[in-house]
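Participant: Take this structure, written in structure tokens, and hold onto it; I'll ask about it next.
Bear in mind these aren't lab numbers, they're just calculated from the coordinates by the rules spelled out. Note that the structure is predicted; figures quoted are calculated from it, not measured. Virtual Cβ from ideal backbone geometry, glycine too; neighbours counted across all protein chains shown.
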Amino acid sequence: MQHMTTKLLLSGFMLIGTVSAQAALPPEATLYKNPQCGCCDEYARHLEKLGVDVTIIDDVELGDIKQQAGVPYGLGSCHTIEIGEYWIEGHVPMEAVQALFEQQPDADGIGLAGMPIGTPGMPGPQEAPYDVYSFTDQEDKAFMTL
């Protein structure tokens, strides 16, 4: 009986750890994009599947938003997201977004330059490693490679 109790307790702790990782994401986000960009809408769907309520704004000057966010010049993408205390630039894989909120680094946000095939919202197979960077005040550094 004691062995069964230990198994149940361990299972419960594992479940709590899984819930807390999911709970690390803020409940709301704002996605800024060009009105004609459909891949940005698809990216929003990926966040929504993780329980994030996404507001899409497509009538704003993206350059101004990227500057406000601190996105480094030349490392932009088709959309910028404000979520919690951070900014997400481009088609960053959900694994990196979750890692951002689990690690909570001292940064303005994370990004993935361009629109790489195979990322959320960009159909197709992954063709190369995704180099996700963190950024603060238009300065970038490596965050993770997926």
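Participant: What net charge is computed for the residues neighbouring Leu146, neighbours being all others with C-beta under 9 Å from the C-beta of Leu146, Lys and Arg scored +1, Asp and Glu -1?
Facilitator: Taking every other residue near Leu146 into account, the sum is -2.
Participant: Under 12 Å from the Cβ of Pro35, count the other residues' Cβ atoms, weight Lys and Arg +1, Asp and Glu -1, and hand me the total.
Facilitator: After counting each charged neighbour, the total is -2.
Participant: While we're here: Where in region 26-55 does the label zone of Leu146 land, with the point 7 angstrom along Cα→C-beta and an amide N cut-off under 13 Å?
Facilitator: 43-44, 46-47, 50
Participant: Nearest 0.05, what FRET efficiency do Asp137 and Arg45 give at R0 = 30 Å with Cβ-Cβ as r?
Facilitator: Values: r = 31 Å, r/R0 = 1.03.
Result of the calculation: an efficiency of 0.45.
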